[in-house]
1. Which one is farthest from residue 175 (Cα to Cα) among residues in segment 129-140 that are open to solvent by 70 Å² or more (accessible area, probe 1.4 Å) and either in contact with a Ser or Thr (Cβ under 9 Å, 6 or more places away or on another chain) or part of a loop (DSSP other than H, G, I, E, B) (or both)?
2. Which one is farthest from residue 106 (Cα to Cα) among residues in segment 63-82 that are of a type outside the set (Val, Ile, Thr) and open to solvent by less than 20 Å² (accessible area, probe 1.4 Å)?
3. Could you check segment 15-35 and list, in sequence order, the residues that are open to solvent by less than 10 Å² (accessible area, probe 1.4 Å) and of a type outside the set (A, V, I, L, M, F, W, C)?
4. For the structure I just gave you, tell me whether residue 167 is small (Gly, Ala, Ser), open to solvent by less than 10 Å² (accessible area, probe 1.4 Å), at pLDDT below 95 and closer than 19 Å to residue 24 by Cβ.
5. I want to confirm something. Restricting to segment 43-62 and keeping residues that are of a type outside the set (Ser, Thr, Tyr) and surrounded by fewer than 20 Cβ atoms within 10 Å (Cβ to Cβ), which single residue is farthest from residue 137 (Cα to Cα)?
6. Does residue 40 qualify as being at pLDDT below 95, surrounded by 17 or more Cβ atoms within 10 Å (Cβ to Cβ) and either of a type in the set (A, V, I, L, M) or over 16 Å from the mean Cα position of the chain (by Cα) (or both)?
7. Which residues, taken from segment 170-191, are hydrophobic (A, V, I, L, M, F, W, C), open to solvent by 70 Å² or more (accessible area, probe 1.4 Å) and in a strand (DSSP E or B)?
Amino acid sequence: MKKLHNFNEVFDGQAVFRKVLEAMSNPGRVVSIEEQAGKMHGNQQAFLALAMTLLDNEVSFDTCGDRELANDISLITLSKEVSLEEADFIFLNRKEDLEQVFRHAKCGTLADPQKSATIIMKAEENCSKEWMIYGAGVDGTQKIWVPEIAELAMKLRDDQAYEYPQGVDMIFVNDCGELFCIPRLVMKEKQ
């Protein structure tokens, strides 16, 4: 039997999960899933490695109209594609869709804030913006460098004025498999 991907669902999935957990627990820390993503075939290997790790038939996703990615994710995860408003995970390739995503992504409820969406965004630009962040997982304040898409995403997230502890989690990943996370309770100091 010929396999389409060389990604091992157990070992590679655990490795990616540990790295996402490390990045989510340490906001702004850059981790690499390049080795595991390299075992996926196609144009969006890092997205597919994250999908293989985070999605199953009990969660849903949206790809903001990227039919090729949606078909690949459905095929390898058995996860259900739903509308943007209902999606547990949102895969975002184009910066142009950011405003729509933040306007419609579910942000949880006061009783169940964990029922919010995780937005996984492609970050292709260099990390040229300096931030000071604070909140869950950050000891005091911390300086990090982020790409332009993160700057725009944080502004759009702040514009939503979510009531604490509601919000959305953000994962930024590039084609090389480097990723960092900004959880929903992490804030950026005003400059």
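1. It comes out as 139.
2. 69
3. Hit for segment 15-35 is 27, nothing else.
4. yes
5. Per the criteria, the residue is 43.
6. Answer is yes for this residue.
7. 187
Rundown of residues vs (1) at pLDDT 90 or above; (2) of a type in the set (Asp, Glu), yes/no style:
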{"position": "85", "(1), (2)": "yes, yes"}
{"position": "112", "(1), (2)": "yes, yes"}
{"position": "125", "(1), (2)": "no, yes"}
{"position": "142", "(1), (2)": "yes, no"}
{"position": "146", "(1), (2)": "yes, no"}
{"position": "179", "(1), (2)": "yes, no"}
{"position": "183", "(1), (2)": "yes, no"}
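The values are calculated or read from the model by the stated rules, or taken from the named source; none is laboratory data. This is a predicted model, so every value here is computed, not measured. Don't worry about glycine lacking a Cβ; one is built from the backbone with ideal geometry, like all the others, and counts go over all protein chains shown. The protein model used for the area step is the full one, side chains on, heavy atoms only, and it has no ligands, DNA or RNA in it. Shrake-Rupley method; radii C 1.70, N 1.55, O 1.52, S 1.80 Å.
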